[in-house]
Amino acid sequence: MNRTKNWIKRLTMTCLFLLALSVTVQSITGIDFTSFIKKIFQLESHAAASQLASETPPPLEEAFDWSKYPKTTVIATGYTAGYESTGKNESHPEYGITYSGVKVKRDLYSTVAADLSVFPIGTILFIPEYGYGVVADKGGAIKGNKVDLYYETVEDVYTNWGKREVDVYIIEQGNGKLTEAQLQALNENKSMQVFRQQYISSERK
């Protein structure tokens, strides 16, 4: 009990001392000590924010020179693994499985559907504001220069994409095959992790 009282007394005396010190400094120098301390904290916060901003990588759209890749204009829509897009429920044995055999994925490299006569399985596209898309699927309504971008929910489709005409960049032409191992390797490429983390963080907001 006495120890607690002594601690409270010391804390009170320390506070009174600091208050007296601030009043003394202000009377001698004319500087508002409280405002001075606040200004220091503001400057430190601003410096910390500037440092964080400088360490944050630019979005993928700005990080690379996409002009060196061939591009084509497509109509891009969004789809999910659900009944509304595929006619399959979660109880269906092929729910979430693409034509290529890999599972649908929303990641730095996401699975997308396309007309396979235009973009063969395994083709890697860069879609501005979506990210990398790897052609893994096809669809009855996906004919010609159309792509269907995978999203996890219907809400994501409408909120984040909808339907757009967009220029996509052909990063790599597919050979008709895609495996889970290949898709995983793309998403775990060490040099791309900084972009992956940035992308996943923004997608989950």
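A short reminder: the numbers here are calculations on the coordinates, not readings from a lab. Computed from a predicted structure; not experimentally measured. Note that each Cβ is placed from the backbone with ideal geometry, even for glycine, and that neighbours are counted across all protein chains shown.
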With viscosity set to 1.567 mPa s at 4 °C, what whole-number translational diffusion coefficient in µm²/s follows for the stretch 79-126 from Stokes-Einstein and a Kirkwood radius over Cα pairs?
111 µm²/s
Stretchable slack from A181 to K163, in nm (0.36 nm times residue separation minus alpha-carbon distance):
3.4 nm
Would you work out which of Y99, N187, I75 lies farthest towards the positive end of the dipole of the stretch 75-205, given +1 charges on the beta-carbon of Lys and Arg and -1 on that of Asp and Glu, about the Cα centre?
N187
How much net charge surrounds K146 when only the other residues with a Cβ under 15 Å from the Cβ of K146 are counted, with Lys and Arg +1 and Asp and Glu -1?
-1
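What translational D, rounded to a whole number of µm²/s, comes out for the stretch 123-192 from Stokes-Einstein when the hydrodynamic radius is the Kirkwood one over Cα pairs, at 4 °C and 1.567 mPa s? All intermediate terms of the calculation are to be shown ahead of the outcome.
Working: Rh = 13.6 Å.
Reported coefficient: 95 µm²/s.
Once Rh is set to the Kirkwood radius over Cα pairs, what Stokes-Einstein translational diffusion coefficient, in µm²/s, holds for the stretch 59-103 at a temperature of 25 °C and a viscosity of 0.890 mPa s?
Calculated translational D: 179 µm²/s.
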Can you give the local net charge around S67? Use residues other than it whose beta-carbon is closer than 14 angstrom to its beta-carbon, Lys and Arg +1, Asp and Glu -1.
-2
Quick one, can you get me the convex hull of the C-alpha atoms of the stretch 82-203 expressed as volume per residue in Å³?
110 Å³
